[in-house]
Amino acid sequence: MTVNDDVFTDWKNREEIAESMIPIIGRLHRERDVTVLLHSRSLVNKSVVSILKTHRFARQIAGAELSVTETMPFLSALTTLDLGPSQIDIGMLAATYRADDHGLSVEEFTAQAVSGATGENKLERRDARDVVLYGFGRIGRLVARLLIEKASGNGLRLKAIVVRDSGGDDLVKRASLLRRDSIHGQFQGTITVDEANNKIIANGNEITVIYSDDPTKVDYTEYGIKDAILIDNTGRWRDREGLSKHLRPGIAKVVLTAPGKGDVPNIVHGVNHDTIKPDEQILSCASCTTNAIVPPLKAMDDEYGVLRAHVETVHSFTNDQNLLDNYHKADRRGRSAPLNMVITETGAASAVAKALPDLQAKITGSSIRVPVPDVSIAILNLQLARETNREEVLDYLRNVSLTSPLKRQIDFTDSPDAVSSDFIGSRHASIVDAGATKVEGDNAILYLWYDNEFGYSCQVIRVVQYVSGVEFPTYPAPAV
């Protein structure tokens, strides 16, 4: 047998193992609310090739071989346990098992590592929390996709969408925009329209479309909605007084997908979500850029101390800009978005103080909108409290992305030819570009990619899960 034959045979063997993983992952998710992860990446509803590619990514980042032949025994061990709702990282299980001298079998090690999800400690399954989307634009539709994608295992249930009636085939057109997206591709599943009952049915989930342009006139209990989380995607109201209009019968809490004003808490999941008071009814998920820069800024401050920071964002254009030159109330945004680089303002720097009140560093920021439809990059220029070097910083951030409590927020790439479109669909708040990182003495410059649409929407879902009480614990527990 030739070397090429050996390589092909190894691929076919791994392909067969990955194929056998799919029904196990599916049953754990549907029957026990267990989401199987591989180094913080979900394996739920993934294809054979996607599972193999995720293992390949983990192998590159972890700096050591990790194959389905190593993770499959841990997945099999999970099926023997009486698990409650949780997220279980088989990549971390395999890597930790290999690194530690413990003398345990795979089954014993797995049972010990996920003991918080079993026995007296395990969470019990309960009815999903109702969610209402107010507005159905770019973020609204992506949040809808995420809610529908894992409706059986994330503790949330999309019950309704509130929009203004545009007349004509409004319902059909909105369903079509959910079904197809020029940037994020086809919806993974089936969508049908029940025009008689004003419903969109996506993967078996009945979603009522409520037509209203005044939140104070909607009684959600009339639609069978109770104790719901309402996600306002319009940005029309950003202070407590305006957002309080949503607190109608059937609505318990309001989450804004834009920076909040006044005393509205601005929350970046992974950083300050645990500061949300149980009785808080109104909160904001801040901006996509704030979510991109705050986690790595916190990570760097924790390890090195940050004395001063400047963030320059190179941001994809948005619907707030004009396609062609026309009047706009904001400076420069009236000029054609797909034809120009447009200097604009960003509130991300000032928003950092709300998410990281203990950070003493002075932070400034500026932004340029560029002619790409999605994925932006934040250049974070830091003056540190102590000197370091590039290798140390990269090793630290790589470990943060793999094992820390911020591993769902911070990703890491060492690809030498990475460009913006490579990060469309990333579920992380930001991705550290190792190749572009610069460090000299007490100065570090980080280049942080972020899918300002999808990555941000994932952060929104994490916040909603937390305030709903359905953010399930992760095992093995991230290193603190």
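The values are calculated or read from the model by the stated rules, or taken from the named source; none is laboratory data. Keep in mind the model is a prediction, meaning the values are calculated, not measured. Cβ atoms come from the backbone with ideal geometry, glycine included; neighbour counts cover every protein chain shown.
Here is a list of conditions, (1) at pLDDT below 90; (2) closer than 19 Å to G116 by Cα, and H55 meets all of them except one; can you say which number that is?
Result: H55 passes all but (2).
To keep it simple, each residue is scored yes or no on (1) closer than 30 Å to I207 by Cβ; (2) modelled with pLDDT of 90 or more; (3) touching a helix residue (DSSP H, G or I) at 6+ places or on another chain (Cβ under 6 Å); (4) not in a strand (DSSP E or B).
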position	(1), (2), (3), (4)
F74	no, yes, yes, yes
R98	no, no, no, yes
E107	no, yes, yes, yes
D127	yes, no, no, yes
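Regarding L178, is this residue touching a helix residue (DSSP H, G or I) at 6+ places or on another chain (Cβ under 8 Å) and part of a helix (DSSP H, G or I)?
Values: touching a helix residue (DSSP H, G or I) at 6+ places or on another chain (Cβ under 8 Å): yes; part of a helix (DSSP H, G or I): yes.
Yes.
Kindly evaluate P265 against the criterion of being touching a strand residue (DSSP E or B) at 6+ places or on another chain (Cβ under 7 Å) and under 19 Å from S376 (Cα atoms).
Details: touching a strand residue (DSSP E or B) at 6+ places or on another chain (Cβ under 7 Å): yes; under 19 Å from S376 (Cα atoms): no.
No; evaluated as a whole, the condition is false for this residue.
So D414 fits all but one of (1) surrounded by fewer than 20 Cβ atoms within 10 Å (Cβ to Cβ); (2) at pLDDT 95 or above; what number is the exception?
Of (1) surrounded by fewer than 20 Cβ atoms within 10 Å (Cβ to Cβ); (2) at pLDDT 95 or above, only one is false for D414: (2).
When you go through (1) out of contact with any His (no Cβ under 7 Å at 6 or more places or on another chain); (2) farther than 16 Å from V44 by Cα; (3) modelled with pLDDT of 90 or more; (4) not hydrophobic (A, V, I, L, M, F, W, C) one by one for Y134, which number turns out not to apply?
It is condition (1) that Y134 fails.
Looking at (1) in contact with a Pro (Cβ under 9 Å, 6 or more places away or on another chain); (2) at pLDDT below 95, can you tell me which one D232 breaks?
(2)
Pairs please, first residue from the range 163-185 and in contact (Cβ under 8 Å) with a residue 24 or more places away in the chain, second anywhere and assigned to a loop (DSSP other than H, G, I, E, B) and of a type in the set (V, I, T), Cβ atoms under 8 Å, 6+ apart in sequence or on different chains.
Matching pairs, first to second residue: I183/I424; H184/I424.
Could you tell me which of the residues L177, L158, L146 is among the aliphatic types (A, V, I, L, M), under 19 Å from the mean Cα position of the chain (by Cα) and more than 30 Å from S404 (Cβ to Cβ)?
Working: L177 fails: under 19 Å from the mean Cα position of the chain (by Cα); L146 fails: more than 30 Å from S404 (Cβ to Cβ).
Going through L177, L158, L146 in turn, the sole match is L158.
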